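Asker: Sharing a structure with you now.
The values are calculated or read from the model by the stated rules, or taken from the named source; none is laboratory data. Here the structure is a predicted model, which is why all the values come from computation and not from measurement. Here Cβ is always computed from backbone atoms with ideal geometry, including for glycine, and neighbour counts include all displayed protein chains. Heads up: the accessible areas ignore ligands, DNA and RNA and are worked out on the full protein's heavy atoms, side chains in. Shrake-Rupley method; radii C 1.70, N 1.55, O 1.52, S 1.80 Å.
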Amino acid sequence: MSARDGRGRASGRDAPAAGQPGDGLSTIGRPMRKVDGLAKSTGRARYTDDIRLPGMLHGKILRSPHPHARIVAIDTSRAEALEGVHAVVTGSDMPTRYGIIPWTPDEYPLCVDRVRHIGDGVAAVAAVDEDTANAALDLIDVAYEELPAYLDPHKAIAADSGPYIHEPRKPGQNGNVTKVVRLEFGDVEAGLGDSHVVVEGDYFFEGTTHTPIEPHCAIGLAEGNGKLTVWSATQVPHYLHRELARVLEVDPAHVRVIQPPVGGAFGGKSEPFDLEFCVAKLSMMTGRPVKILYTREEVFYSHRGRHPFHMRYRTGATRDGMLTSVDAEIVMDGGAYASFGLVTTYYAGQLLTAPYRMPAYRFHSTRAYTNKPACGPKRGHGSVQPRFAFEVQLDRIAERLEIDPIGLRRRNFIGANTRTVNDLRITSNGFLECLDEVERASDWKRKHRRLPFGRGVGVAGSTYITGTNYPIYPNDMPQSGIQLQVDRSGRVAVFSGASEIGQGVDSMVAYIVAEELGVPLDHVRVLAGDTDFTPVDLGAYSSRVTFMLGNACIDAARKLKTQVQEAVAAEWGVKPREVLLAGGLAVQAGDTGTSMPVRDAFNLAEAAAGTLGATGSYNTPKDVHGDYRGATIGASPAYSFTAHVAEVEVDVETGFVTVDRIWIAHDCGRALNPVLVAGQMEGSAYMGFAEALMEEQIFKTEDQGRAGLHNAPSLLDYRIPTSLDTPALESLIVESIDPEGPYGAKEAGEGPLHPSIPAIANAIYDAVGVRMDSLPFSPPRVWRALRSAGVTGARRGVAR
Amino acid sequence: MEVVRLRVNGDERVCGVPAHYTLLETLRYGLGLTGSKQGCDKGDCGACTVIVDGRAILSCITPVWEAEGREVRTVEGLARGTEPHPVQDEFDLNGAAQCGFCTPGILCSSVALLDRNPTPTREEIRAALAGNLCRCTGYAKIYDAVEAAATRVGGEARRPDGAGPGPAPKRTPARGVGV
């Protein structure tokens, strides 16, 4: 059986793994330096705020102090009169609605007639320096008429009359409801009725936010000849390019988006933000470059992070633990705008249907608008919250049936080369190996239900998409493109439209070029993130880049390689396939001793065929989804699989949970660079751990004096883990060699986040016998749960 | 405007800055040393960490006049000529920098640690980095890099390409279940 037949490595026990001697690969699968590693460790990497242009002005945005209000009047005259102020812009200067999802454009660059959350942008100024810009904001007079604010999604949904947060799409509808999805596969009620056990549970996932260490930053430069350049810390330069042109009414051929290195994103920079429109507009008004850098507080208010989810699950199983039926009811708190919410509402249900077989499944998801900053995609978009609830449900079933939780998951394994109940096409699947790995590495059998009171282990599994088969705006063009160009020195330039946000995409394409063309890694230059000279890649979201851009890069490199092989073959009088490119040489196959430096081979090819270059592209498989409305959402060319075991200690006196270690086993298809894959796994598990124990993006209620005010918009008060908080993280890479991935690779950046949270919840139960169904598992919540379950310090140290 | 005199990375520098400027603002906007980063501007995240008289400090909450007459060392001053500091090299080899935005501050905290304790334990490294938030890595690869550098400080400056970090993560081929 070949390794690329979609069933993983059935005979792979004998075949060499990538990165092992004999695999035929020289770069792929090996720990290599990153192409930008030294620039980042010497301070030379230039992020957006590190750029200063001659004559640059500084911009600031005035933000709403009210959660919900009509804008009655704005008077900017006093600000405009201030010495040093060059321009002031308000919503009416950019009155075109936009939204990352083309079907739900519901926001303006600056609010036109209504503010919908504290922090909504109202006006922007450009001034000679930051101090003057701040002073000018104080001189803008805005008259508001306050409106009732909705902070609770249930109340927003229950409203029966306006004013709603947005105008209803049709008269009589509730304008506070942004999206409802109800889908059923199989007969759920019959399945539950036939079950030996039915477990019911209510779960609450508090919202969290991305907190990249780099705040959002953008610079606009209108050159006076109609051309507009915007530098931005974005993870979606292509979508930003489109929206800037549309909203500002500039010919897209005149718009250039440059994406410098991005200092972390995690989904928080994956749609246009007010500052990008404002720097562009202010530059168009002044003829000067304009920069806006968010304060940390503004980063918290711009948000677009994980939605709070209220979830109710009913899960049925047979006597021997086989799942029969799953029923989910979900209410999502979307905040003030749609953002990616249409997709989130589908993902909330669609992505739960693997890695376990479900004969029947139903979900009903409702996304509400509320007067808080908009929620959107955060690492593991839409599926982290349901995964938490569902994996706790599985733990409850295992306990009821007295089956080992890992064993229960093995029994329900959906398999490779199959379809889920909602018709997602699963190809490679290494989930069983993930379970084996965490079971072995954690010494699970010796620990589960056997550790002293107060200590416990928990397991959870998950799946995630490797990109989406359908792009955000409908089109038939490739999702990823790349261009290669060869210099006479033997250097290969790669023009990549993909967004380097720390995940290593620039290095990934360099590894592929080095592998395919046989050049040393330091002979590859990656030029990325500039829409003026790179082909389109749709962006760094939905874990799509390695799979899609990697395949595009292989496509381009192999076209170029063919040209080189033909030229060298003609020179040597052999067949092109006998010419191999490796180790900086063109070599004749078969140990003949014939070779030449690869640079000479490139020069031969250039002499024969003209300037040497190639483009490559990748598009996703279409029509491999089910036949129902919404079936395309969740359809991915490949799915990754993960299992975690977490080991915790619970202090029953204080409710303080310490996570000692998380074992992370992840099926990434193939690790193109195992060090970078492990880094993604550890970063994901860390972020899941953080959401489990520490993080909550919450807002004050009316009772707390200031409805809709962020509770803790700083990196001190919104607690993210320091080195002292973070558990030991152990990466266990599983390789299933996906039949369609580049060298078999799938994703590694988002999947490994999912199981952290339920694994910790299940470990807490193993430690102290208390179920934690609401996030985060902070000391007060755990302490209350322990008290209401009658667990006290007196039981500490009692062996079970 | 105030005229400040600083000794930065071995150079005597003079520049005029607004009186309220912090050391970070002076480095970034007065002297063009943009390696030190601003992540929060209130001493919470550690991205602005630089070394002053051998101690790692938060430059975003240090008024610039406090640094006058003292030895300031930033990420731009860690290499010896063209040779990166072993910590910088090990960050590259170990994948310890993902987005790289916290990296300059973490490097400064690490160098300050190694200068006073050349053989730190992992616990000592964790403690030394407790004021530097990293949102990408989960810190594990950073500890690996600092530990590896500790064995090299004063020795070779750059490991050869392909030397790779220590043991590569364990990898398991999937069996191809579902056949």
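Asker: Using protein heavy atoms only (no ligands, DNA or RNA), what is the total accessible area buried between B and A, 1.4 Å probe, nearest 100 Å²?
Answerer: By this definition, chains B and A bury close to 5800 Å².
Asker: Of the accessible area of segment A:95-219, with the probe set at 1.4 angstrom, what percent is carbon plus sulfur? Please list the in-between numbers first.
Answerer: Numbers: 2430 of 5150 Å².
Here carbon and sulfur together make up 47 percent of the probe-accessible area.
Asker: How long are the semi-axes of the ellipsoid equivalent to segment A:351-422, from square roots of 5 times the Cα gyration tensor eigenvalues, in whole Å, largest first?
Answerer: After scaling each eigenvalue by five and taking roots: 28, 16, 11 Å.
Asker: Averaged over peptide B:23-31, how many Cβ atoms belonging to another chain are found within 10 Å of each residue's Cβ?
Answerer: What the average comes to for B:23-31 is 1.
Asker: Please compute the per residue accessible area over chain B with all protein chains in place, 1.4 Å probe, rounded to a whole number of Å².
Answerer: Accessible area per residue: 38 Å².
Asker: Then there's this: Under the Kirkwood approximation applied to all pairs of distinct alpha-carbon atoms, what is the hydrodynamic radius of segment B:86-150 in Å?
Answerer: Here the Kirkwood hydrodynamic radius works out to 11.3 Å.
Asker: For labels at A:Glu200 and A:Phe533 in the simple 7 Å Cα→Cβ model, what's the distance in nm?
Answerer: Placing both labels 7 Å beyond Cα along the Cβ direction yields 6.4 nm.
Asker: Suppose we take every Cα in segment A:477-618 and form the convex hull; what volume per residue is that in Å³?
Answerer: Values: hull volume 14.8 nm³, N = 142.
Output value, Cα hull per residue: 104 Å³.
Asker: Mind checking the mean number of beta-carbon atoms from other chains within 10 Å of the Cβ atoms in A:739-752?
Answerer: That works out to 0 on average.
Asker: Assuming R0 = 51 Å, what is the FRET efficiency of B:Arg5 and A:Met477, from their Cβ-Cβ distance, to the nearest 0.05?
Answerer: 0.30
Asker: Just tell me how shielded B:125-133 is by partners: mean number of partner chain Cβ atoms within 10 Å of each residue's Cβ, no decimals.
Answerer: Per residue, the average neighbour count from other chains is 3.
Asker: Which value results when the Cα radius of gyration for segment A:302-456 is divided by 2.2 N^0.38 Å?
Answerer: 1.16
Asker: Hey, what's the Cα Rg ratio for segment B:2-74 versus the globular rule of thumb, 2.2 N^0.38 Å?
Answerer: 0.96
Asker: Across the Cα atoms of segment A:94-243, what radius of gyration and what greatest pairwise Cα-Cα distance (Dmax) are found, in Å?
Answerer: 22.3, 73
Asker: Still on this model: Pop a pseudo-label 7 angstrom from the Cα along the beta-carbon direction at both A:Asp138 and A:His154 and give the gap in nm to one decimal.
Answerer: So the label points at A:Asp138 and A:His154 sit 4.4 nm apart.
Asker: Put simply, what bits of segment B:62-107 lose 50 Å² or more of accessible area when the other protein chains are there, versus the chain on its own (1.4 Å probe)?
Answerer: B:Asp92, B:Gln98, B:Cys99, B:Phe101
Asker: If I stretch the segment between A:Thr418 and A:Asp187 completely, what's the gain in nm (0.36 nm per residue apart, minus their alpha carbon distance), one decimal?
Answerer: 81.1 nm
Asker: Over all alpha-carbon pairs of segment A:573-688, lay out the pair-distance distribution in 10 Å bins, whole %, shortest bin first.
Answerer: Using 10 Å bins, I get a P(r) of 9, 19, 18, 21, 18, 9, 4, 1, 0 for segment A:573-688.
Asker: Kindly provide the helix-only [θ] at 222 nm of the protein assembly as shown, computed as the sum of -39,500 (n - 2.57) over DSSP H runs of four or more divided by all residues, to the nearest 500 deg cm²/dmol?
Answerer: -7500 deg cm²/dmol
Asker: Please give the residues of segment A:553-570, grouped as numeric ranges, whose backbone N is less than 15 Å from a label point set 7 Å along the Cα-to-Cβ vector of A:Glu578.
Answerer: The answer is A:565-570, whose backbone nitrogens lie closer than 15 Å to the label point.
Asker: Please say if segment A:631-712 is rounded, prolate or oblate, where rounded means a/c under 1.5 for a ≥ b ≥ c the square roots of the C-alpha gyration tensor eigenvalues, and otherwise the choice is prolate for a/b larger than b/c and oblate otherwise?
Answerer: Working: a/c = 2.86, a/b = 1.48, b/c = 1.93.
Oblate, because a/c is 1.5 or more while a/b does not exceed b/c.
Asker: Here's another thing I want to ask about it. Pairs to check: A:Lys60/A:Lys700; A:Lys60/B:Lys42; A:Lys227/A:Lys281. Give those whose C-alpha atoms are more than 23 Å from each other in this structure.
Answerer: Too far apart for the 23 Å limit: A:Lys60/A:Lys700.
Asker: What are the extents of the Cα atoms of segment A:621-679 along their three principal axes, listed from largest to smallest and rounded to whole Å?
Answerer: Its Cα atoms span 55, 34, 13 Å along the three principal axes.
Asker: Also, I was wondering about something else. Ratio of segment A:15-171's C-alpha Rg to 2.2 N^0.38 Å, to two decimals?
Answerer: After normalising by residue count via 2.2 N^0.38 Å, the value is 1.63.
Asker: If you don't mind, there's one more thing I want to ask. Relative to the isolated chain, which residues of segment B:39-57 have their accessible area cut by 40 Å² or more in the presence of all protein chains (1.4 Å probe, heavy atoms, no ligands or nucleic acids)?
Answerer: B:Gly39, B:Asp44
Asker: Given chain A reduced to its alpha-carbon atoms as identical point scatterers, what log10 I(q)/I(0) does the Debye formula return at q = 0.08, 0.10 Å⁻¹?
Answerer: -0.70, -1.07
Asker: In segment A:763-783, whose amide N lies under 16 Å from the spot 7 Å out along Cα-to-Cβ of A:Thr792? List them in ranges.
Answerer: Answer for segment A:763-783: A:783.
Asker: Kirkwood Rh over Cα pairs of segment A:178-311 into Stokes-Einstein at 4 °C, 1.567 mPa s: D in µm²/s?
Answerer: Details: Rh = 17.7 Å.
It comes out at roughly 73 µm²/s.
Asker: Nearest 0.05, what FRET efficiency do A:Asp703 and A:Glu146 give at R0 = 22 Å with Cβ-Cβ as r?
Answerer: The value I calculate is 0.80.
Asker: Provide, in order from the shortest bin, the percent of all Cα-Cα pairs of segment A:89-169 in each 5 Å bin, continuing until the bin that contains the maximum pair distance.
Answerer: Computed distribution, short to long bins: 3, 12, 18, 20, 19, 13, 8, 5, 2, 1.
Asker: On the accessible surface of segment A:415-519, probed at 1.4 Å, how many percent belong to carbon and sulfur atoms?
Answerer: Taking all protein chains in place, segment A:415-519 shows 47 percent carbon and sulfur surface.
Asker: Rank by packing, highest mean first: peptides A:376-387, A:321-332, with packing defined as the count of other Cβ atoms within 10 Å averaged across residues.
Answerer: Details: A:376-387: 27.3, A:321-332: 22.2.
By packing density, highest mean first, the sequence is A:376-387, A:321-332.
Asker: Right, here's the next one. May I ask you to order A:465-472, A:539-546 by the average number of other C-beta atoms within 10 Å around their residues, highest value first?
Answerer: Values: A:465-472: 23.0, A:539-546: 28.0.
In decreasing order of mean packing, A:465-472, A:539-546 become A:539-546, A:465-472.
Asker: Let me ask you something else. List the residues of segment A:114-136 that lose 20 Å² or more of accessible area once all protein chains are present, compared with their chain alone (1.4 Å probe, heavy atoms only, no ligands or nucleic acids).
Answerer: A:Asp131
Asker: Let me ask another. Of the residues B:Ala47, B:Ala97, B:Ala127, which exhibits the maximal mean-square fluctuation in a Gaussian network model of chain B defined by a 10 Å Cα contact cut-off?
Answerer: Its mean-square fluctuation being the largest, the pick is B:Ala127.
Asker: Within 10 Å, count the other beta carbons around each residue, average over each peptide in A:40-48, A:642-650, and list them highest first.
Answerer: In descending order of packing, they fall as A:642-650, A:40-48.
Asker: Can you pull the accessible area of A:Leu538 for me, 1.4 Å probe, Å² to the nearest 10?
Answerer: Roughly 10 Å² of A:Leu538 is accessible to a 1.4 Å probe.
Asker: Can you tell me the convex hull volume per residue for chain B, based on C-alpha atoms, in Å³ to the nearest whole number?
Answerer: Measuring per residue, one finds 141 Å³ for the Cα hull of chain B.
Asker: Size of segment A:668-751 along its principal axes in angstrom, Cα-based, largest extent first?
Answerer: 57, 30, 16
Asker: Heavy atoms only, probe 1.4 Å: what % of the accessible area of segment A:654-800 goes to carbon and sulfur, would you let me know?
Answerer: The C+S portion of the solvent-accessible surface of segment A:654-800 is 51 percent.
Asker: So for segment A:497-570, what are the equivalent ellipsoid semi-axes in whole Å, largest first, each being the square root of 5 times an eigenvalue of the Cα gyration tensor?
Answerer: Taking √(5λ) for each Cα gyration eigenvalue gives 24, 12, 11 Å.
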